[in-house]
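J.: Below is a structure I'd like to ask you about.
The values are calculated or read from the model by the stated rules, or taken from the named source; none is laboratory data. As the structure is a computational prediction, the values presented were derived from the model and not from experiment. FYI the Cβ positions are ideal-geometry reconstructions off the backbone, even for glycines, and counts take in every protein chain you see. What goes into the accessible areas is simple: the full protein's heavy atoms, side chains included, and nothing from ligands, DNA or RNA. Shrake-Rupley method; radii C 1.70, N 1.55, O 1.52, S 1.80 Å.
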Amino acid sequence: TDIAGNYTYSIGALAPCVADQSIVAVTIENSPNAGLDGSLSLCTGSPIADLFSQLTGSPDVTGFWTDPNGVVHTGLFDAGNDPAGIFTYTVSGIMCPSDGSSVVVDVLTGPDAGQDSYLALCETASAVDLFTILLGSPDAGGTWTDPNNDPVPSVLDPQFAVAGSYSYSVPGNGTCPADEAVISIAIAQSVNAGSPGAIMFCSSAGPQDLFSQLTGTPQPGGSWTDPLGLNVLSVFDPGAGVEGAYTYTVTGNAPCPDASTTVVVEVEEAPDAGV
């Protein structure tokens, strides 16, 4: 009931002595409050639950959690990975004793579709089993639907698939509802540097654009390197250029790789009959 602060003790004195005093500084710590016990029932596929919200009363927010094995825990319960049992919340005191409360967590064996994930593919990549991309511990035997909500197999071929959200659903059982996880698929277009080419120039010829010597359907905007690996322009000067393979590279759209091809250049010395 008393207030904190400085409490002064004073002693009077007869002359010629003077009075004396000393001070006791009093601080009062509020008793730790861990709230009151709670309980929680979840299915294995349930969303992550905040154990703090299961405590009743007015618990302090400065405490910490330990799991049924006594290991420090975040207080965010993942039904697919965390053990069921008694989770203890403790608020430590300095002068006052610590206070503790608990949440008893029961996990029902319900459907688990795993956790959401993301995957970026190149259109030329090999087919991938989407089930292996799900996070967590998904149950087998569920069904897949594509971004248009049409049923599809779990194996996705990026050459024919559409980008978007692919949903995996596992039907419910007992009191546990169906569970669903989503994989967001991004499909990047591959780039095309064309097919190899070859050309022979006369040394007296004027500058030529090597891009026009590529075959196929090369995309513009790439970069060139000469036979020494040095960056050069696409225009080749037969009177000064070096013979050899000139490489044209188009930077890929991640995660697609870069595309490269070459133009092999030969230079024939122009005949000289003198003057």
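J.: Place a +1 charge on the Cβ of each Lys and Arg in the range 93-205 and a -1 charge on the Cβ of each Asp and Glu, then give the dipole magnitude about the Cα centre in debye, rounded to the nearest 20. Could the numbers behind the result be given before it?
T.: Working: 0 positive and 12 negative charges, 93 e Å.
With only Lys, Arg, Asp and Glu charged at Cβ, the dipole is about 440 debye.
J.: When the dipole is taken about the Cα centre of the chain, and only Lys, Arg (+1) and Asp, Glu (-1) are charged at their Cβ, what size is it in debye, to the nearest 20?
T.: Numbers: 0 positive and 30 negative charges, 102 e Å.
For this selection, approximately 500 debye.
J.: Quick one: if you stick a label point 7 Å off each Cα along the C-beta vector at Thr225 and Leu135, how many nm between them?
T.: 3.7
J.: Oh, and also: Answer rounded, prolate or oblate for the range 198-245, using the Cα gyration tensor with square roots of eigenvalues a ≥ b ≥ c: rounded when a/c is under 1.5, else prolate when a/b is larger than b/c, else oblate.
T.: Working: a/c = 1.91, a/b = 1.33, b/c = 1.44.
Oblate is the answer for the range 198-245, as a/c is 1.5 or above yet b/c matches or exceeds a/b.
J.: What distance in nm separates the simple spin-label points at Ser98 and Asp78, each placed 7 Å from Cα in the Cβ direction?
T.: 2.5
J.: Right, another one. Tell me the per residue accessible area of the range 144-261 using a 1.4 Å probe; a whole number in Å² is fine.
T.: Details: 6350 Å² over 118 residues.
Using a 1.4 Å probe on heavy atoms only, each residue of the range 144-261 averages 54 Å².
J.: Moving on to the next point. Could you tell me the relative contact order of the range 134-269? Use alpha-carbon pairs under 8 Å, at least six residues apart, and round to a whole percent.
T.: Numbers: 266 pairs, mean separation 30.1, N = 136.
Relative contact order here is 22 percent.
J.: Check which residues have an amide H placed less than 5 Å from Leu135's amide H, if you skip close sequence neighbours.
T.: Gln115
J.: Next question, about the same structure. Which Cys residues of the chain have no other Cys Cβ less than 4.7 Å away and so no disulfide-compatible partner by this rule?
T.: Taking the Cβ cut-off of 4.7 Å, the unpaired cysteines of the chain are Cys17, Cys96, Cys202.
J.: Among Ile48, Ile28, Ala198, whose Cα sits farthest toward the positive end of the charge dipole of the chain (+1 at Cβ of Lys/Arg, -1 at Cβ of Asp/Glu, about the Cα centre)?
T.: Ile28
J.: Compute the distance in nm between two label points, each set 7 Å from the Cα along the Cα-to-Cβ direction, one at Tyr118 and one at Asp60.
T.: A separation of 3.9 nm, rounded to one decimal place.
J.: Follow-up. Please work out how much length the chain gains when fully extended from Ala186 to Phe211, using 0.36 nm per residue of separation minus the C-alpha to C-alpha distance, in nm with one decimal. Don't jump to the answer; show the numbers that get you there.
T.: On the way: separation 25, 0.36 × 25 = 9.00 nm, distance 3.12 nm.
Contour length minus the Cα-Cα distance gives 5.9 nm.
J.: Once each part is reduced to its C-alpha centroid, what is the distance from the range 70-131 to the range 132-182 in angstrom?
T.: That distance is 22 Å.
J.: Full-extension gain between Ile23 and Ser41, please, as 0.36 nm times their residue separation minus the C-alpha to C-alpha distance. List each step's numbers first, then the result.
T.: Numbers: separation 18, 0.36 × 18 = 6.48 nm, distance 5.51 nm.
Length gained, Ile23 through Ser41: 1.0 nm.
J.: Given H placed on each backbone N at 1.01 Å, which residues far from Asn33 in sequence or on other chains put an amide H within less than 5 Å of it?
T.: Close amide H contacts, sequence-distant or interchain: Asp60.
J.: Here's another thing I want to ask about it. Nearest 5 percent is fine: what portion of the DSSP beta bridges confined to the chain is antiparallel?
T.: On the way: 53 of 71 bridges.
Beta bridges within the chain, antiparallel portion: roughly 75 percent.
J.: In whole percent, and with a 1.4 Å probe on the protein chains, what portion of the accessible area of the chain is carbon and sulfur? All intermediate terms of the calculation are to be shown ahead of the outcome.
T.: Values: 8980 of 16180 Å².
Percent of accessible area from carbon and sulfur atoms in the chain: 56.
J.: Identify, among Ser101, Ser117, Gly216, the residue whose Cα sits farthest towards the positive end of the charge dipole of the chain, taking +1 on the Cβ of Lys and Arg and -1 on the Cβ of Asp and Glu, with the dipole about the Cα centre.
T.: Ser101
J.: How large is the dipole of the range 1-130 about the Cα centre if only Lys and Arg carry +1 and Asp and Glu carry -1, each at its Cβ, rounded to the nearest 20 debye? Kindly include the intermediate steps, with their values, before the conclusion.
T.: Values: 0 positive and 15 negative charges, 96 e Å.
In debye, rounded to 20, the range 1-130 gives about 460.
J.: May I pose another question? Collect residues whose amide H, placed 1.01 Å from N in the peptide plane, falls under 5 Å from the amide H of Cys202; neighbours closer than 5 in sequence don't count.
T.: For Cys202, whose amide H was placed from the backbone, the distant partners under 5 Å are Glu268.
J.: Under Stokes-Einstein, with the Kirkwood radius over Cα pairs standing in for Rh, what whole-number D in µm²/s applies to the range 123-275 at 37 °C and 0.692 mPa s?
T.: Working: Rh = 19.6 Å.
Estimated diffusion coefficient is 167 µm²/s.
J.: Just to be sure I understand, if you calculate percent of Cα pairs over 22 Å apart for this structure, which of (i) 69; (ii) 56; (iii) 75 do you get?
T.: Step by step, percent of Cα pairs over 22 Å apart for this structure corresponds to label (iii).
J.: Next up: Can you work out ³J(HN,Hα) from phi for every residue in the range 123-133, in order, using Karplus 6.51 cos²θ - 1.76 cosθ + 1.60 and θ = phi - 60°, giving whole Hz and x for Gly and Pro?
T.: 4, 9, 5, 6, 4, 10, 7, 4, 4, 6, 8
J.: How large is ³J(HN,Hα) for each residue in the range 49-60, as worked out from phi by the Karplus curve 6.51 cos²θ - 1.76 cosθ + 1.60 (θ = phi - 60°), to whole Hz, x for Gly and Pro?
T.: Per-residue couplings from phi come out as 10, 8, 5, 4, 6, 8, 6, 9, x, 10, x, 5 Hz.
J.: Output wanted: per-residue J couplings in Hz (rounded whole) for the range 82-93, from phi through Karplus 6.51 cos²θ - 1.76 cosθ + 1.60, θ = phi - 60°, x for Gly and Pro.
T.: Running phi through 6.51 cos²θ - 1.76 cosθ + 1.60 with θ = phi - 60° gives 7, x, 6, x, 9, 9, 9, 10, 10, 10, 7, x Hz.
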